[in-house]
Amino acid sequence: MAMHTSPGRRLARTLFAFVLFAAIFGAGCATVAVVAAQEARPPATDPEKKPEPDESKPRGPDEVYQPLPADGLFTGTVPERTYKAVILRAPTFDGDDDPEAGLPVWAKPGAAGLRMMLEQQLEYLPQVFHERSLIRAERYQPQLRLKEIPRAGGEIKTAQKFESLEHAATTFGAEYVFLVSYARPVEDQPPVAAIVRYRRGHGVEQHVTVTLERAGKPEADSLLVALEGAVAAITSGIGAVTKADGTIVQVPHAPVPRLASQDKSLKSLMEIRAALERGQTTDAWIAWEDLAKRETAIGRAALWGHEVFFALAGSGGTPEEMEKMQTRCLQVAIDGLRHAPNDTMLRGKLCWNGFLWHGRRDWALAGIKQALQVQPLNPQLLEWYTLIANYTDLDRTSQARWIESQDIARLKDGRVELILGNTYFGSGQYAPGIEWYRKGIALAPDEHELHQSLGQCAVYEAERLMKTDLPGDEGKAQRQLAEEMFFLAADSIWRALELDPIHDIEYYADYYIRAITFNYTRLPTGTTDLDRLFLMWAVRDGLQTSSRSFKLDRLVEKLIDQQRLTSRKLARESKPGDADFAFQVQARLVFSNVDRDPDETVHCLWLMQQQGLRPLRYTGWMRTFGPLVKEYKPEGEGKKE
């Protein structure tokens, strides 16, 4: 399970923290821990300061750091084309954001197993990669509740197009949307799950249904067998080539191992994942021990065990206790590789953690090379490899150059360009970072992460140029370039906001304000830009003054009072279906807090609940106002706007 925090925050840490985040939350991983990020300028590397190589002081138990199991390693090839996918789960009609909430308790492990099995299957396909940020996907899903989508229990037609799924594909810059839905049981019949494979611009390409029977009946793995068949069918044929004689050639990949060997294990896997998502590491540990009693030869169980002990190792305790958890984390993964040698995520995360905790550089590099044999040019593996190889001198330029040397032109999906942009961004070399982000956008024009990263990097480059203040023509040229960078930043961040007006919007709104005001030094002259400025300021903090906005306050002091009235009016008049409704309703919610109007707050939260808008602010405030929102009934046709 992959999560993502923007480069501006990620790079604000030390290099070590940055690479830790990149490794833990890379594409396709099963990690569910949440790391809070702090905003600050990314530090430039001091080339004169070179810490002593970690490998000169190897730590940890030598018996653990033996050559990793290599029997059964698959030799993969680089696919001719790659496809981005996003997995979404259709919410129920009753207002619950959890798509599995309406299922009987006994059916939920099967539903969770179906989801995890689909994630694993996609990880093993070198031609498919899925959305890095599962938080974005989870926040997006509620918007599908009231939309026309293909659902379990209804008629699903091949080639049928859906505006809602086209929108989802655009939002995530994806070629494929895998939509999972459930039909509630009727009388004594078990519930049915459906997976739709929807291709952008083509419509429904494939769909399967599977009955979520009770676990262990009639055989101990009957449910698993049914789920495996459904997942294999829904992913079959992606990227396949039809030869002149009609022969279909599938993209070669390593054999996909079983998620579990018996149905009962699905409940433990579900409990582990849920506990980690809640941050309850002890509960996750208990569920893992229950799983380990049954699954002694399943690699995916080892990956979840690795996640559990990784979380426990970082949850505090004495140095001895932490060392014990680290060792068990590593050993569980090593044992898993004996049964699933081609699990590149398990092998990669194991190697990264061995390097992180004990400085086992050569051991880690050898293990990642093994993973690269299975999936050559896998961007996540390339990133891990170069971060470990070049950590000893903190030379991010050499990291970037090593990645560039790996025949990356064969990958045309923007992922490597994103890594290179992040690498240069983190070194304080903003100009080449901007160049690589732009190259990535040329390949993946709807990739949210590329747009917001480009925008942030361009802000820093513009601010750097403005500070130089050289005399004469050279200084004039630099100031002109700085203006171009600010405009580029504003356009890029706005595009990211258009693609996803929900995810981390307060953070990106702040960057947009910095960009469009040239770091709070001038107001935009165009009406559109000025409107966007005040809208993002309203979303960020309700047009309030603060220590960080004092320069902006001076620019608008003659019009801010009237603008506060105008912005409130626009927010209240905005209706679902308006182009900027997602922004305006968030601004309205913030205004209700500024005005200390709890009735307005409840109404705004109700509107957002109905429309499936789930920014972080909504989630937090629903903890307080949730019961009131649940009981809320708009007057007449709805509250007077």
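Structure values in brief
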{"read-out": "By average C-beta atoms within 10 angstrom, highest first, the peptides 526-532, 224-230, 383-389, 359-365", "value": "383-389, 359-365, 224-230, 526-532"}
{"read-out": "Cα→Cβ-extended label distance, 7 Å offset, between Q66 and F93, nm", "value": "6.0"}
{"read-out": "Heavy-atom SASA rank of W357, W285 (probe 1.4 Å, accessible area, largest first)", "value": "W285, W357"}
{"read-out": "Rounded if a/c under 1.5, otherwise prolate or oblate - segment 481-556, Cα gyration tensor axes", "value": "oblate"}
{"read-out": "Cα-centre dipole for the chain with unit charges at Cβ (Lys and Arg positive, Asp and Glu negative), debye to 20", "value": "300"}
{"read-out": "Derived scalar couplings ³J(HN,Hα) [segment 109-116; Karplus, 6.51 cos²θ - 1.76 cosθ + 1.60; whole Hz; x for Gly, Pro]", "value": "x, x, 5, 5, x, 4, 5, 5"}
{"read-out": "Distance in nm between pseudo-label sites at K551 and N593 (7 Å out along the Cβ direction from Cα)", "value": "2.5"}
{"read-out": "Extension gain from Q562 to E484, taking 0.36 nm per residue of separation minus the Cα-Cα distance", "value": "25.0 nm"}
{"read-out": "Value at 222 nm in deg cm²/dmol, rounded to 500, when DSSP H runs of n ≥ 4 in the chain each add -39,500 (n - 2.57)", "value": "-17000 deg cm²/dmol"}
{"read-out": "DSSP-defined antiparallel bridges as percent of all bridges, the chain, nearest 5", "value": "70"}
{"read-out": "For the chain, Kirkwood radius (reciprocal of mean inverse C-alpha pair distance, Å)", "value": "26.2"}
{"read-out": "Net lengthening on full extension, R294/E155 (0.36 nm per residue, minus Cα-Cα)", "value": "46.1 nm"}
{"read-out": "Selected from G428, L212, Y124, residue furthest toward positive end of dipole (the chain; charges at beta carbon)", "value": "G428"}
{"read-out": "Karplus-derived HN-Hα couplings along segment 490-506 (A = 6.51, B = -1.76, C = 1.60, θ = phi - 60°), whole Hz, x at Gly and Pro", "value": "4, 5, 5, 5, 5, 5, 4, 5, 5, 5, 9, x, 10, 5, 6, 5, 4"}
{"read-out": "Extreme residue, positive dipole direction of segment 500-588, given options P524, V556, A571 (C-beta unit charges)", "value": "V556"}
{"read-out": "Placed amide H near V128: partners under 5 Å, 5+ positions off or other chain", "value": "Y83"}
{"read-out": "Heavy-atom accessible area ranking, 1.4 Å probe, most first, across E166, E461", "value": "E166, E461"}
{"read-out": "Test item: Cα-centred dipole of segment 520-570, Lys/Arg +1 and Asp/Glu -1 on Cβ, debye", "value": "60"}
{"read-out": "Area accessible to solvent at E295, 1.4 Å probe radius, in Å²", "value": "10"}
{"read-out": "Extension gain from T247 to L530, taking 0.36 nm per residue of separation minus the Cα-Cα distance", "value": "96.1 nm"}
{"read-out": "Solvent-accessible surface (1.4 angstrom probe) belonging to D597, in square angstrom, nearest 10", "value": "60"}
{"read-out": "Area accessible to solvent at E219, 1.4 Å probe radius, in Å²", "value": "110"}
{"read-out": "Of A409, S181, Q611, farthest towards positive along the dipole that unit charges on Lys, Arg, Asp, Glu beta carbons give the chain", "value": "Q611"}
{"read-out": "Violating pairs (Cα-Cα greater than 29 angstrom) within the set K161/K575; K217/K293; K157/K439; K439/K467; K243/K369", "value": "K157/K439; K243/K369"}
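The values are calculated or read from the model by the stated rules, or taken from the named source; none is laboratory data. Nothing here was measured: the structure is a model prediction, and the numbers come from that model. Neighbour counts are summed over all protein chains in view; Cβ atoms, including those assigned to glycine, are modelled from backbone coordinates with ideal geometry. We work out accessible area using only protein heavy atoms, side chains counted, and drop any ligands, DNA or RNA first. Shrake-Rupley method; radii C 1.70, N 1.55, O 1.52, S 1.80 Å.
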